[in-house]
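We did not get these values from a lab; they are worked out from the coordinates using the rules stated. Remember, it's a predicted structure, so these values are computed and weren't measured experimentally.
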């Protein structure tokens, strides 16, 4: 089975919509994988959790399908959203000086895509 992990760095909601759409599409096609939220994108997590946000429905679908692996612990802390990210139920991850490293996913057979 093909495994894909999407690393999302950009905090632009119009870019992040593609991360969500692709993750949902991959899951619908039976591919294993998920989303790692990194960099400025961590600030989107608490925003997408609001029912009036335009990404709320896609974000909710991705969460319900367990497609969100986690958010960068270091970036969430530095950008002041760590508590908000955790309140959304998104795990803070980062085995590489507080950041999620791509090497661990490559070692597990994932194709890593960055957005």
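Between rounded, prolate and oblate, where does the stretch 67-106 land on the alpha carbon gyration tensor, with a ≥ b ≥ c its root eigenvalues, rounded for a/c under 1.5, else prolate if a/b exceeds b/c? All intermediate terms of the calculation are to be shown ahead of the outcome.
Numbers: a/c = 3.35, a/b = 1.45, b/c = 2.31.
Oblate shape, in that a/c is at least 1.5 and b/c is the bigger or equal ratio.
Calculated from DSSP H runs of 4 or more alone, at -39500 (n - 2.57) each and per residue, what is the 222 nm mean residue ellipticity of the chain, nearest 500? Present the calculation step by step, with values, prior to reporting the outcome.
Numbers: 6 runs with 48 residues, N = 115.
Value at 222 nm, helices only, nearest 500: -11000 deg cm²/dmol.
Could you work out the relative contact order of the chain? I mean the mean sequence separation of Cα pairs under 8 Å and 6+ apart, divided by the number of residues, in percent. Let's see the in-between values first.
Details: 204 pairs, mean separation 37.7, N = 115.
Over the chain, the number comes to 33 percent.
I'd like the antiparallel share, as a percent to the nearest 5, of DSSP beta bridges with both residues in the chain.
5 percent
All Cα-Cα distances of the chain, cut into 10 Å bins from zero to the largest, leave 15, 51, 31, 3 percent in each bin in turn.
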